[in-house]
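Only one structure is covered here, and it is reproduced in the block below.
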Amino acid sequence: MDTKILHIKNMVCDRCLMSVKNLLAAQGLSYKSVNLGRIELEEEISEEQLSVLEKELNKTGFELVLERSDKIVNAIKATIIEMVYHRSDFGNKKLSQILSDRLNYDYSHLTGIFSKAENQSIQSFQNKIKIERIKELLEYDQLSIAEIADEMGYGSAAYLSTFFKKETGLKPSEYKQQYTSRNSLDSI
């Protein structure tokens, strides 16, 4: 097993990255990079070090991913979260192309693995992540619906409102008034 590149489940935000970096430092492990769902260590680690790291990750709500299909699912989730939250520049590429390029698999293969593991489609997962981001932006109350639509890549406030109502049963303005609960990204 390659212990130089590790895949971690439930890494969904910048605080998660900082937590994992701190955990690695506490374990005395040097890394080249820590990204959502992925750590590249400077050198391979022993089974004992891996076991200790796994226990420490579990204590903080993370999980070491060992199965190939789990790694693929984790990479899909991390890419979608990166797209929605960090607005990475993927140009005008569609999600299917981005995932295929990044993971070096045909999109139909990726959808099969994801759907089987998560009991939902990749598109459904992406929609849920988008909804949570929209809820967050609505709660901040710093942007208008039109600005949120622009931020999220929707053509208009009306299109965003229609999408939001279809997914949540509420108009964005109704959500702002009620502030129903948001879901943590690792529970989606």
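The values are calculated or read from the model by the stated rules, or taken from the named source; none is laboratory data. Treat the numbers as computed from the prediction; the structure is a model and nothing was measured. Note that we place each Cβ from the backbone using ideal geometry, even for glycine, and neighbour counts take in every protein chain shown. These area figures cover heavy atoms from the full protein model, side chains too; ligands, DNA and RNA do not enter into them. Shrake-Rupley method; radii C 1.70, N 1.55, O 1.52, S 1.80 Å.
Tell me which strands (runs of 3 or more DSSP E) are completely within the range 1-99 and hold 2 or more residues being without any contact (Cβ under 8 Å) to a residue 40 or more places away in the chain, or say none if there are none.
Strands (runs of 3 or more DSSP E) meeting the threshold: 31-35, 38-41.
Of the residues that make up the range 39-53, is at least one under 21 Å from V12 (Cβ atoms) and open to solvent by 50 Å² or more (accessible area, probe 1.4 Å)?
no
Identify, from the list Y105, Y85, the residue that is within 30 Å of A149 (Cβ to Cβ) and either open to solvent by 30 Å² or more (accessible area, probe 1.4 Å) or among the acidic types (D, E) (or both). Even if it seems obvious, please write down each step before you answer.
Details: Y105 fails: within 30 Å of A149 (Cβ to Cβ).
Going through Y105, Y85 in turn, just one is within 30 Å of A149 (Cβ to Cβ) and either open to solvent by 30 Å² or more (accessible area, probe 1.4 Å) or among the acidic types (D, E) (or both): Y85.
Among the residues of the range 117-138, which ones are without any contact (Cβ under 8 Å) to a residue 24 or more places away in the chain, assigned to a helix (DSSP H, G or I) and over 20 Å from C13 (Cβ atoms)?
Result: S124, single match.
For the range 167-188, what are the residues that are in contact with a helix residue (DSSP H, G or I) (Cβ under 9 Å, 6 or more places away or on another chain) and in a helix (DSSP H, G or I)?
Residues satisfying the conditions are E167, T168, P172, S173, E174, Y175, K176, L185, D186.
Filter the range 114-125 down to residues that are surrounded by fewer than 19 Cβ atoms within 10 Å (Cβ to Cβ) and of a type outside the set (D, E, K, R) and give me whichever is nearest to S69 (Cα to Cα).
Of everything passing the filter in the range 114-125, A117 is nearest to S69 (Cα to Cα).
Quick one: L185 ticks every box in (1) among the hydrophobic types (A, V, I, L, M, F, W, C); (2) within 28 Å of K9 (Cα to Cα); (3) without any contact (Cβ under 8 Å) to a residue 12 or more places away in the chain except a single one, so which number is it?
(3) is the only condition that L185 fails.
Kindly establish whether Y154 is open to solvent by less than 50 Å² (accessible area, probe 1.4 Å), in contact with a helix residue (DSSP H, G or I) (Cβ under 8 Å, 6 or more places away or on another chain), closer than 17 Å to V84 by Cβ and without any contact (Cβ under 8 Å) to a residue 12 or more places away in the chain.
yes
Can you confirm whether the range 69-80 contains a residue that is of a type outside the set (D, E) and surrounded by fewer than 12 Cβ atoms within 10 Å (Cβ to Cβ)? Explain how you work it out, then say what you get.
Of the residues in the range 69-80, the ones of a type outside the set (D, E) are 69, 71-80.
Pick out the ones that are also surrounded by fewer than 12 Cβ atoms within 10 Å (Cβ to Cβ) and you get none.
No, the range 69-80 contains no residue that is of a type outside the set (D, E) and surrounded by fewer than 12 Cβ atoms within 10 Å (Cβ to Cβ).
Considering every residue within the range 127-141, establish whether at least one is out of contact with any Leu (no Cβ under 9 Å at 6 or more places or on another chain), of a type outside the set (D, E) and exposed (fewer than 15 other Cβ atoms within 10 Å of the Cβ).
Yes, the range 127-141 contains at least one residue that is out of contact with any Leu (no Cβ under 9 Å at 6 or more places or on another chain), of a type outside the set (D, E) and exposed (fewer than 15 other Cβ atoms within 10 Å of the Cβ).
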